[in-house]
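Let me begin by presenting the structure, written as structure tokens, before commenting on it.
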Amino acid sequence: MKRSTIIFFISLSFVVLFFSCTSEKQHVAKNAKTKLAVKWELVSNFPDSGTGYTARFRLINNDDRELTDKNWGLFFSIAPSPVIETPRQRATLEHINGDWFRLYPNAGFNLKKGDSTDILYKAQGAVIKETDGPLGIYIVYYDREGKEEAIAEIDQYTLMPFTRKEQLLRGKNDKEVAASPEKTYWENASLSVLKPDQLLPVIPTPLHYTAGNGFFEVNAGTRISYNGPLKEEASLLAKYLKEITGMDLAIAENENATGIHLAINAAAVQEKSPEGYRLTINEKGVAITGYDAAGVFYGIQSMLALVPTEVYLGKNTAVSLPHVSIDDAPRFGFRSVHLDVSRNFQTKETVLKILDVLARYKINHLLLYTSEDEGWRVEIPGLPELTEVGARRQHVSSKEVAALHPAYGSGPFANAKDKYGSGYYTRSDFIEILKYAKNRHIKIIPELNFPGHARAAIKSMEARYERLMKEGKEEEANEYRLIDPEDKSVYLSAQLYKDNVVNVSRESTYRFYEKVVDEFDMMYKEAGLTMDIFHAGGDEVAEGAWTQSPEALELLKKNPDIKDPKNLQTYFFRELVKRMEKRNLAVHGWEEVALLKDENGKYKPNPEFAGKKVVPYIWNNLFDYPDLGYRLANAGYNIVLCNVSNFYFDLAYSNDPKEPGLYWAGFIDTRNAYVFAPYNMFNVTFKDAMGNDVHFDQPGMGLQALQPEAKKNIIGVEAQLWSETIKGRDMVEYYMLPKLLGFAESAWSPERRWEAESNRQKRIKEIDEDWNRFANTIAQREFPKLAKINGGYAYRVPAAGAIINGGQLKANVALPGISIHYTTDGTEPTRQSSLYTGPVPVTGNVLIKTFDAAGRSGRTVSPGSSVLVPKLN
């Protein structure tokens, strides 16, 4: 769940859409070319009064076609922020739906070849990222009758850089310091480089680790043996070692010769709990004994973590494993990552690669988010429209058409390369993902988000309805229909949709849900698995939904105890749980599934589902309900903590405008994911979304603490990766790595010394010390691994922090052990450029770049630069 538009919830007035309200098939315009150029500039996040931002479009007509007040409209996606006004401009900016907008000409508009014009507009919120600018821009040309004649993508588009204070900060309430190398330098000031023997040997940190003396060498003659049902684990170990070393080790069953031996023996491990293991390396070889097969698998991951860095870097083929004894088991049995493949699609191959890195860091669940407003991503037999319509985004003549309009820059054409708006997994794809995950001891959790966030399903079923009605099959057409066609409710969802809520009073809505669940269940069975969890979403149902639906109002009339349309969400969930219980499914969902709204619209725990197989996922630890997780746990719910201030990987690493990502809840880096205390989360929440210091840990805050008897109700933690700003595999990996390492430490490792420390200053000091060791380990040990395994991952190497004071350059980096190189003549630094080792006198145009041991680099920075790109004028 996410609240990316929390700041926009005030009353708005919108321009009336030009679109017709017909659901007839749209006229298809031809694909064309245009020489129209577009520039976009953020003017300021600091309005003269109130809040909001001002931005400017510049249209430059290099095309032979003259633009008039009748023959064009410019369409694009932009970070959702309803337009306030386009005062006295030559064109009007109009919000259509979601993040889809249109710029259209006012009366008298004329732009001949060679002419240009500026369109200034004001909108709510603030934008500070290059990823906030317009995306997927295209122009639609209209004929004299107003029909769509041609569509052309805008190839000549310029996003003006963000350089001024009024572009770098989110208005007068932003307490963060504007992004700069100098800011980064001071943020890194407490860090220092550690020697290799001071690093953590394994991430996530084991429960018990004892170092011995000596090494065991793995060579081409080393054999992998196993007892019991561990053939898959042995094969994966051989595969991993071949990838790292090039050696193809033999595998044998029921053999105890010197080498690497895998076994399951619950009685022989110290940590007698699921996923526990013992890893022993001595002169006799390597012995990995698990409480179960998963424990053996995680022992393998710890063994691979001990392979010397030089081997991963290809500098040494000798695999000398240190003598150690590790007894280990996870802190939480539920360690999950959420991956959104709906808003921007990710290929099957990307998902498989993500599963591999999750397994490496002992993550055992993946919530695969395959349905959202913007896309449906799994083939469902009997409902072909779900993928024929719901898996394709394209230009439509109206939001009323039974198709998906563009979103997140997907542009006007379905299946366009590198746009990520279209795509889905076939049944065989999904079954392959399930099997691949199973072999790595990861459970895939399927999802269908209802009653909100359902636009892709709604539009797909409307297309099905229209098809079957044309065939004269009215009963069949209504079988899975999801809306009340007479519903006139007016609402605006968190992501600014006006039509994304299903009708919960129709039996066909539940029939659809059950059909999808049953089809998923069959895929699990074909994969040799039992589906025992289904994620129902349940978040962000817009206020105002169902208020003007005749069918919903009739349901309210028959059930006066419901009282108010806003309580229909609880009615829906109650009915859904009954149906899922018959299938022996635990129902997971976002926090709203366990909440009720009081007469003032405030959320409170709903005791109805406590003690049942209902598990709410709690993200809100910053805003209006910072103690919500503890309140629900205390009320008897098993919960999963998904704290937004720690585990939202789609939030940007920093406020640098070039750093992609969202920031509605602030900025989240690897340290945030690492600094987490599940039973004392008030102790590790230090800032709010706007950078203000918070003191939830202080007495008198009126927050509900976790009761000792409720600790057991926190069954685990989950990190989220929503994909609005993510385009392709490299960006998925960049957003996820290295944040995943901090999350893995919080999910698996034992309680850290500072988690329950009541003295704030002492706590911060201990956090700084422990984080320094963890950060060094990432840079010096983990990055070389991530560069090697599975063909390498596109992890983020942080840019340098730097200041020039008195002619001396001082530089540092957020992950010590990464090298810093610089030039003074304005040329791009390389690994052959001067190596920074300490303060050094500099003159000239100084450029600085970071490089890790594998040669991956961060962004180039220039400290003390006073060069600002001018405004458009």
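The values are calculated or read from the model by the stated rules, or taken from the named source; none is laboratory data. Note that the coordinates shown come from a computational prediction; the quantities given were computed from them, not determined experimentally. Using ideal geometry, Cβ is built from the backbone for each residue, glycine included, and neighbour counts are taken over all protein chains shown. What goes into the accessible areas is simple: the full protein's heavy atoms, side chains included, and nothing from ligands, DNA or RNA. Shrake-Rupley method; radii C 1.70, N 1.55, O 1.52, S 1.80 Å.
Okay, residues lined up against (1) crowded, with 20+ Cβ neighbours inside 10 Å; (2) more than 15 Å from the chain's Cα centre (by Cα); (3) small (Gly, Ala, Ser):
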{"residue": "VAL694", "(1), (2), (3)": "no, yes, no"}
{"residue": "GLY700", "(1), (2), (3)": "no, yes, yes"}
{"residue": "ILE714", "(1), (2), (3)": "yes, yes, no"}
{"residue": "LEU721", "(1), (2), (3)": "yes, no, no"}
{"residue": "MET736", "(1), (2), (3)": "yes, no, no"}
*Out of (1) at positive phi; (2) open to solvent by 40 Å² or more (accessible area, probe 1.4 Å), the odd one out for TRP186 is which?*
(1)
*Single residue of ILE137, ILE151, ILE128, ILE96 found to be open to solvent by less than 20 Å² (accessible area, probe 1.4 Å), touching an Asp or Glu at 6+ places or on another chain (Cβ under 9 Å), among the hydrophobic types (A, V, I, L, M, F, W, C) and within 21 Å of TYR420 (Cβ to Cβ)*: ILE137
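Given the residues PHE297, PHE345, which is the only one that is of a type in the set (A, V, I, L, M, F, W, C), in contact with a Gly (Cβ under 8 Å, 6 or more places away or on another chain), under 30 Å from GLY423 (Cβ atoms) and surrounded by 22 or more Cβ atoms within 10 Å (Cβ to Cβ)?
Details: PHE297 fails: under 30 Å from GLY423 (Cβ atoms).
Just one listed residue meets the conditions, PHE345.
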*With LEU835, LEU815 as the choices, which residue is of a type outside the set (D, E, K, R) and crowded, with 20+ Cβ neighbours inside 10 Å?*
LEU815
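Go through segment 336-354 and count every residue that is part of a helix (DSSP H, G or I) and over 15 Å from the mean Cα position of the chain (by Cα). Quick ask: steps written out before the conclusion?
Let us first name the residues in segment 336-354 that are part of a helix (DSSP H, G or I), namely 348-354.
From the residues that got through so far, the ones that are over 15 Å from the mean Cα position of the chain (by Cα) too are 348-349, 352-353.
Looking only at that region, the number is 4.
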*Hits in segment 629-639 (condition: surrounded by fewer than 24 Cβ atoms within 10 Å (Cβ to Cβ) and out of contact with any Pro (no Cβ under 7 Å at 6 or more places or on another chain))*: ASN634, GLY636, ASN638
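Could you check how many residues of segment 761-816 are basic (Lys, Arg), touching a Phe, Trp or Tyr at 6+ places or on another chain (Cβ under 6 Å) and assigned to a helix (DSSP H, G or I)?
Step one: list which residues in segment 761-816 are basic (Lys, Arg), which gives 762-763, 765, 773, 781, 785, 788, 796, 810.
Applying the additional criterion that residues be touching a Phe, Trp or Tyr at 6+ places or on another chain (Cβ under 6 Å) yields 763, 785, 788, 796.
Pick out the ones that are also assigned to a helix (DSSP H, G or I) and you get 763, 785, 788.
Residues flagged as basic (Lys, Arg), touching a Phe, Trp or Tyr at 6+ places or on another chain (Cβ under 6 Å) and assigned to a helix (DSSP H, G or I) within segment 761-816 amount to 3.
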_Residue, least open to solvent (accessible area, probe 1.4 Å), within segment 796-812, restricted to residues that are of a type outside the set (A, V, I, L, M) and free of Cβ contacts under 8 Å to residues at least 60 places away in the same chain_ = GLY807
*How many residues are more than 27 Å from the chain's Cα centre (by Cα) and within 18 Å of GLU476 (Cα to Cα) if we restrict to segment 504-521?*
9
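Considering segment 308-341 alone, what residues qualify as being among the polar types (S, T, N, Q) and either within 30 Å of ARG392 (Cα to Cα) or modelled with pLDDT of 95 or more (or both)? Full working, then the answer.
Pass one, segment 308-341, residues among the polar types (S, T, N, Q): 309, 316-317, 320, 325, 336.
Passing the criteria: THR309, SER320, SER325, SER336.
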*asked:* If I filter segment 70-91 down to residues being open to solvent by 50 Å² or more (accessible area, probe 1.4 Å) and not in a strand (DSSP E or B), which single residue comes out as nearest to THR158 (Cα to Cα)?
replied: ARG90
*asked:* Checking the condition out of contact with any Phe, Trp or Tyr (no Cβ under 6 Å at 6 or more places or on another chain), surrounded by fewer than 22 Cβ atoms within 10 Å (Cβ to Cβ) and closer than 25 Å to LYS566 by Cα, which residue from LYS525, LYS488 passes?
replied: LYS488
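So for segment 222-229 (the condition being charged (D, E, K, R), part of a strand (DSSP E or B) and without any contact (Cβ under 8 Å) to a residue 40 or more places away in the chain), does at least one residue qualify? It would help to see each step written out before you state the result.
Looking only at segment 222-229, we keep the residues that are charged (D, E, K, R), and these are 223.
Next cut, part of a strand (DSSP E or B) only: 223.
Of the ones still in play, those that are also without any contact (Cβ under 8 Å) to a residue 40 or more places away in the chain are 223.
The answer is yes, given that some residue of segment 222-229 is charged (D, E, K, R), part of a strand (DSSP E or B) and without any contact (Cβ under 8 Å) to a residue 40 or more places away in the chain.
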_Index of the failed condition, TYR361 passing every other in (1) open to solvent by 10 Å² or more (accessible area, probe 1.4 Å); (2) out of contact with any Asp or Glu (no Cβ under 7 Å at 6 or more places or on another chain); (3) among the hydroxyl-bearing types (Ser, Thr, Tyr)_ = (1)
*Taking LEU556 as meeting all but one of (1) under 30 Å from ALA407 (Cα atoms); (2) open to solvent by 20 Å² or more (accessible area, probe 1.4 Å); (3) not in a loop (DSSP other than H, G, I, E, B), write down the number of the exception.*
(1)
*With respect to the numbered conditions (1) over 29 Å from the mean Cα position of the chain (by Cα); (2) part of a loop (DSSP other than H, G, I, E, B); (3) loosely packed, with under 15 Cβ neighbours inside 10 Å, which one is the sole condition not fulfilled by PHE109?*
(3)
*Subset of segment 435-485 [open to solvent by 40 Å² or more (accessible area, probe 1.4 Å), over 34 Å from the mean Cα position of the chain (by Cα) and more than 24 Å from ALA545 (Cβ to Cβ)]*: ARG467, MET469, LYS470, GLU471, GLY472, LYS473, GLU474, GLU475, GLU476
*asked:* For segment 581-627, give me each residue that is part of a helix (DSSP H, G or I) and surrounded by fewer than 21 Cβ atoms within 10 Å (Cβ to Cβ).
replied: GLU581, PRO607, GLU608
*From the set of residues in segment 597-642 that are in contact with a Lys or Arg (Cβ under 7 Å, 6 or more places away or on another chain) and more than 25 Å from ILE533 (Cα to Cα), which is modelled with the highest pLDDT?*
TYR603
_I'm checking my understanding of the structure. Among residues of segment 399-434 that are touching a Ser or Thr at 6+ places or on another chain (Cβ under 7 Å) and within 19 Å of LEU482 (Cα to Cα), which one is surrounded by the fewest Cβ atoms within 10 Å (Cβ to Cβ)?_
GLU400
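Scanning for something open to solvent by 50 Å² or more (accessible area, probe 1.4 Å) and within 30 Å of SER749 (Cβ to Cβ), does segment 642-652 turn up at least one residue? Please lay out each step first, then the result.
Looking only at segment 642-652, we keep the residues that are open to solvent by 50 Å² or more (accessible area, probe 1.4 Å), and these are none.
Looking for residues that are open to solvent by 50 Å² or more (accessible area, probe 1.4 Å) and within 30 Å of SER749 (Cβ to Cβ), one finds none in segment 642-652, hence no.
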*asked:* Can you list residue pairs whose Cβ atoms sit under 6 Å apart, with the first residue in segment 835-853 being part of a strand (DSSP E or B) and the second being open to solvent by 40 Å² or more (accessible area, probe 1.4 Å) and not aromatic (Phe, Trp, Tyr)? Count only pairs 6 or more apart in sequence or on different chains.
replied: PRO841/GLN808; LEU847/THR860; LYS849/SER857; LYS849/THR860; PHE851/ARG831; PHE851/SER857
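On the basis of being part of a strand (DSSP E or B), touching a residue at least 12 places away in the same chain (Cβ under 8 Å) and either out of contact with any Lys or Arg (no Cβ under 9 Å at 6 or more places or on another chain) or open to solvent by 10 Å² or more (accessible area, probe 1.4 Å) (or both), does THR289 make the cut? Give the derivation first.
Details: part of a strand (DSSP E or B): yes; touching a residue at least 12 places away in the same chain (Cβ under 8 Å): yes; either out of contact with any Lys or Arg (no Cβ under 9 Å at 6 or more places or on another chain) or open to solvent by 10 Å² or more (accessible area, probe 1.4 Å) (or both): yes.
Considered against the rule, which asks whether it is part of a strand (DSSP E or B), touching a residue at least 12 places away in the same chain (Cβ under 8 Å) and either out of contact with any Lys or Arg (no Cβ under 9 Å at 6 or more places or on another chain) or open to solvent by 10 Å² or more (accessible area, probe 1.4 Å) (or both), THR289 comes out as yes.
Is there a residue being of a type in the set (D, E, K, R), open to solvent by less than 60 Å² (accessible area, probe 1.4 Å) and more than 28 Å from the chain's Cα centre (by Cα) anywhere in segment 196-204?
Within segment 196-204, the first condition is being of a type in the set (D, E, K, R), and the residues that meet it are 197.
Right, trim to open to solvent by less than 60 Å² (accessible area, probe 1.4 Å) and you get none.
Taking every residue of segment 196-204 in turn, none turns out to be of a type in the set (D, E, K, R), open to solvent by less than 60 Å² (accessible area, probe 1.4 Å) and more than 28 Å from the chain's Cα centre (by Cα).
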